[in-house]
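Values quoted throughout were computed directly from the atomic coordinates according to the rules given, and no laboratory measurement underlies them. Here the structure is a predicted model, which means the values were calculated and not measured. In this analysis, Cβ positions are derived from the backbone assuming ideal geometry, glycine residues included, and neighbour counts consider all displayed protein chains.
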Amino acid sequence: MAVDKVALVSGATSGIGLGVARGLVEDGWRVVICGRRVERVGELSTAHGFDGHVCDVSKPESVAEMFAGIAQRHGRLDLVFNNAGRFAPAANFGDLDAATWRDMIDTNLNGAFYVAQGAFRIMRDQNPQGGRIINNGSISAYVPRPHAASYTTSKHAITGLTKSIALDGRPYNIACGQIDIGNAATDMTSNMSAGSLQANGTMAPEPTFDVAHVIDAVRYMAGLPLSANVQFMTVMATTMPYIGRG
């Protein structure tokens with residue numbers, strides 16, 4: 001891979017995003033990161049040589065400003081790991097408030113759309129043309145957890161977004177795939193060992209696995225030539241209650 005290729009990782013100030021950003025640097029990418037925390041973005045950029053941007057992906061004007069900066073500083077974009085997202089507080093569907101619903105859709109779906117579209121436009125218009133977008137889906141893109149309607153809906157929608165980008169990107173040499181992760185050991189899954197609500201109403205501990213395996217999977221997807229694409233990949237704890245959930 002040419003060392004001048006540029007990658008953007010959204011939601012890169014912790015967890016999977018930060019791990020992927022570090023891995024891409026090791027693979028020779030020039031890495032742009034974005035996150036909402038000003039001090040954290042600055043600290044990580046200094047420590048790892050990232051090009052850091054403070055960006056709230058739920059706000060289209062913030063995303064547009066970030067892409068203008070990428071175009072000005074780097075002149076092109078070859079890869080996006082579209083990773084920014086969050087969980088919602090657990091709530092039975094009948095008790096789910098509209099503010100939580102809007103917040104989840106704004107961040108997990110609208111934010112993914114804004115980032116993907118900004119990347120698509122740069123990749124379409126640059127020379128040489130093309131690039132790769134990797135969306136971070138979830139096991140919940142296929143099956144829900146109890147009391148997680150807003151998160152589940154946002155992640156189901158990511159699958160449709162991925163397919164649409166992959167199709168519309170073909171004339172421009174833009175590949176789009178999705179990684180769906182089940183119980184990687186991060187701060188977001190730290191409570192699973194104490195017990196998670198299951199479909200039958202019981203609480204049960206769930207296994208997790210080393211996040212390094214997710215990072216390796218994204219690096220593999222990112223390293224493919226644009227003539228090949230991993231359309232969907234699921235990486236999960238082997239014995240998590242996913243196959244046959246419910």
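Could you go through region 145-157 and let me know if any residue there is farther than 27 Å from GLU61 by Cα, among the hydrophobic types (A, V, I, L, M, F, W, C) and part of a helix (DSSP H, G or I). Yes: region 145-157 contains one or more residues that are farther than 27 Å from GLU61 by Cα, among the hydrophobic types (A, V, I, L, M, F, W, C) and part of a helix (DSSP H, G or I). When restricted to residues that are surrounded by fewer than 18 Cβ atoms within 10 Å (Cβ to Cβ) and within 23 Å of ALA222 (Cβ to Cβ), region 167-200 contains 8.
In region 1-115, counting only helices (runs of 4 or more DSSP H) that sit wholly within it, the ones holding 1 or more residues that are among the β-branched types (Val, Ile, Thr), crowded, with 19+ Cβ neighbours inside 10 Å and at negative phi span 15-26, 38-48, 60-74. Look at ARG145 and say whether it is touching a Lys or Arg at 6+ places or on another chain (Cβ under 9 Å) and of a type in the set (Lys, Arg). Considered against the rule, which asks whether it is touching a Lys or Arg at 6+ places or on another chain (Cβ under 9 Å) and of a type in the set (Lys, Arg), ARG145 comes out as yes.
May I ask you to verify whether GLY177 is of a type outside the set (A, V, I, L, M), under 15 Å from the mean Cα position of the chain (by Cα), in a strand (DSSP E or B) and closer than 26 Å to GLN117 by Cα? Answer is yes for this residue.
Specify the residue that is surrounded by the fewest Cβ atoms within 10 Å (Cβ to Cβ); the eligible residues are those in region 201-237 that are under 10 Å from ASN183 (Cα atoms) and out of contact with any helix residue (DSSP H, G or I) (no Cβ under 7 Å at 6 or more places or on another chain). Reasoning before the result, please.
Looking only at region 201-237, we keep the residues that are under 10 Å from ASN183 (Cα atoms), and these are 206-211, 235-237.
Pick out the ones that are also out of contact with any helix residue (DSSP H, G or I) (no Cβ under 7 Å at 6 or more places or on another chain) and you get 207, 209-210, 237.
On the way: PRO207: 15, PHE209: 19, ASP210: 11, ALA237: 21.
Per the criteria, the residue is ASP210.
Exactly one residue among ILE139, ILE134 is closer than 29 Å to THR208 by Cα, of a type in the set (Val, Ile, Thr), touching a Phe, Trp or Tyr at 6+ places or on another chain (Cβ under 8 Å) and surrounded by 24 or more Cβ atoms within 10 Å (Cβ to Cβ), and that residue is ILE134.
Among the numbered conditions (1) within 28 Å of MET123 (Cβ to Cβ); (2) part of a loop (DSSP other than H, G, I, E, B); (3) of a type in the set (S, T, N, Q), the only one that THR239 does not meet is (1).
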